[in-house]
Amino acid sequence: NRCGITLTREYAGEMAHNACHTGKAVLREDISVSLDVSGGWHQDELGSKNVEKAARNIGIMLLAYELYGESFTENMGIPESGNGIPDILDEIKYEIEWLLKMQDPVTGAVYEGVTVCEQENGKGTVSYVEPATMQSGKAFAMVLAKFSYLYQNFDTEYATNCLKAADRAWKYTELNDDSTTDEWKFAAAAELYRASGLKSCHRYITEYLLQEEEKKELDEVT
C-alpha cells in the first residue's frame, strides 16, 4: 500500500505500480497553499490517507512488535530488508515519514489527512489536505512517542526528532483542547510520559484515571 514510490512486482505482486501522488496537495481551507504530503500508505482505492487511522494501525503493529519482537525479522521481503532493523519498523517508518509531513512546523497542529478526489470530465485527481483537528493531534502525539521509544536503539537521532514532533503536538493540544476524559489524549499522555517523563503528561494521566475510577464507583452505586 505504499504511496509515492515505484513498487515492482518483486515487492507488490499484482499491486505493483509506478510512483503515484507525487505532486503537492492543496489545503482544503485555502487552495492557494500547497504542501508536499507524498508517501505513507494508501487507505482507499484513490489513495486517501487519514492520520487517526494511521496512528491506530501503527499502534497495533508497534504493540505486536513490543510484545513479540522475536517474531519479526529483517528478511520479510521489503526494500529495506537486511539493513539490521526489523522490517516491521522499517515499514512503519515509511508511514511515520508521511505523518511528520502532516504537522504544521510552526504551531504543532496536525492536519486530519489527505483526501484524493476524482475531477470531472476525466481530468485526473486532486488531493486536499484536510484541516487540523484535536483528534489528529492526539493520535499523532501518541504514535510518534511510541515509535520514538521503540526505535531509539536503532537510530537515536531519528527517534529524538519523532519525540520532539510528538511533544509539539501535545503542547498544541494542551493549549487548545479542554477535554478531560478523552482516550486518545490519555494514550498520547501515557506514551509521551514513558518516552520523556513529561510532568504535564503524568498530571493528565493521574486526573484521567481518577475520573475513570469515580465513574466506575458511580456506576456500581447506580
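The values are calculated or read from the model by the stated rules, or taken from the named source; none is laboratory data. Just so it is clear, the model here is predicted, and its values are computed rather than measured. Cβ atoms come from the backbone with ideal geometry, glycine included; neighbour counts cover every protein chain shown. Please note that ligands, DNA and RNA were not included when accessible areas were found on the heavy atoms of the full protein model with its side chains. Shrake-Rupley method; radii C 1.70, N 1.55, O 1.52, S 1.80 Å.
What are the pairs, 6+ residues apart or on separate chains, where a residue within segment 133-156 that is part of a loop (DSSP other than H, G, I, E, B) has its Cβ under 6 Å from a residue that is not hydroxyl-bearing (Ser, Thr, Tyr)? What qualifies is Thr133/Glu112; Gln152/Ala159; Phe154/Ile85. Among the residues making up segment 104-143, those that are open to solvent by less than 30 Å² (accessible area, probe 1.4 Å), under 25 Å from Cys20 (Cα atoms) and touching a helix residue (DSSP H, G or I) at 6+ places or on another chain (Cβ under 6 Å) are Val110, Gly113, Ser136, Phe140. Given the condition closer than 22 Å to Tyr111 by Cβ and either in contact with a strand residue (DSSP E or B) (Cβ under 9 Å, 6 or more places away or on another chain) or open to solvent by 40 Å² or more (accessible area, probe 1.4 Å) (or both), answer yes or no: does some residue in segment 192-201 qualify? No, that holds for no residue.
Inside segment 112-132, residues that are in a loop (DSSP other than H, G, I, E, B) and touching a Lys or Arg at 6+ places or on another chain (Cβ under 8 Å) make up a count of 2. Looking only at residues of segment 7-62 that are open to solvent by 30 Å² or more (accessible area, probe 1.4 Å) and of a type in the set (S, T, N, Q), we find that the one that is nearest to Ala132 (Cα to Cα) is Asn50. When we screen Gly23, Gly84 for residues that are in a loop (DSSP other than H, G, I, E, B) and either closer than 22 Å to Ala187 by Cα or modelled with pLDDT under 90 (or both), the only hit is Gly23.
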